[in-house]
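Let me begin by presenting the structure, written as structure tokens, before commenting on it.
Since every read-out is calculated from the coordinates, none of them should be taken as a lab result. Since we're looking at a predicted model, the values are computed, not measured. As a convention, Cβ positions derive from the backbone with ideal geometry for all residues, glycine included, and neighbour counts pool all protein chains shown.
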Amino acid sequence: MRAWFRHIPKIQPGVFLPVIGVCVVLYFAYHAVQGDRGIRALLDYQHRIEKTKIQLAQIREERMRLEHRVSLLRSDSLDPDLLEERARAVLNFAHPKEIAIIVKR
């Protein structure tokens, strides 16, 4: 029974600590790149921030456009064309002398 132990090479005492050190460094290096707060996560967050900034710019532009239209409907600066357009759309009215053409699809 003890004969097979003689053929197993013995581990050198100076090899164990460097191997453990390399394993620990590789573990932390992997998590620095792939982890929840690693480099890939940072790049993903930066990409999401850029997309959100683009959406914010589009929403601000639309808001400015809508605020301008609302300002045209205020009583102190009423735009008659815009008022007529909105009244026709909301109330479904037309001038008595106008001809309405209905297109069926």
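Scanning segment 69-105 for residues that are assigned to a loop (DSSP other than H, G, I, E, B) and not aromatic (Phe, Trp, Tyr) yields a count of 16. Restricting Asp36, Asp44 to those that are exposed (fewer than 10 other Cβ atoms within 10 Å of the Cβ), under 35 Å from the mean Cα position of the chain (by Cα) and not hydrophobic (A, V, I, L, M, F, W, C) reduces the list to Asp36.
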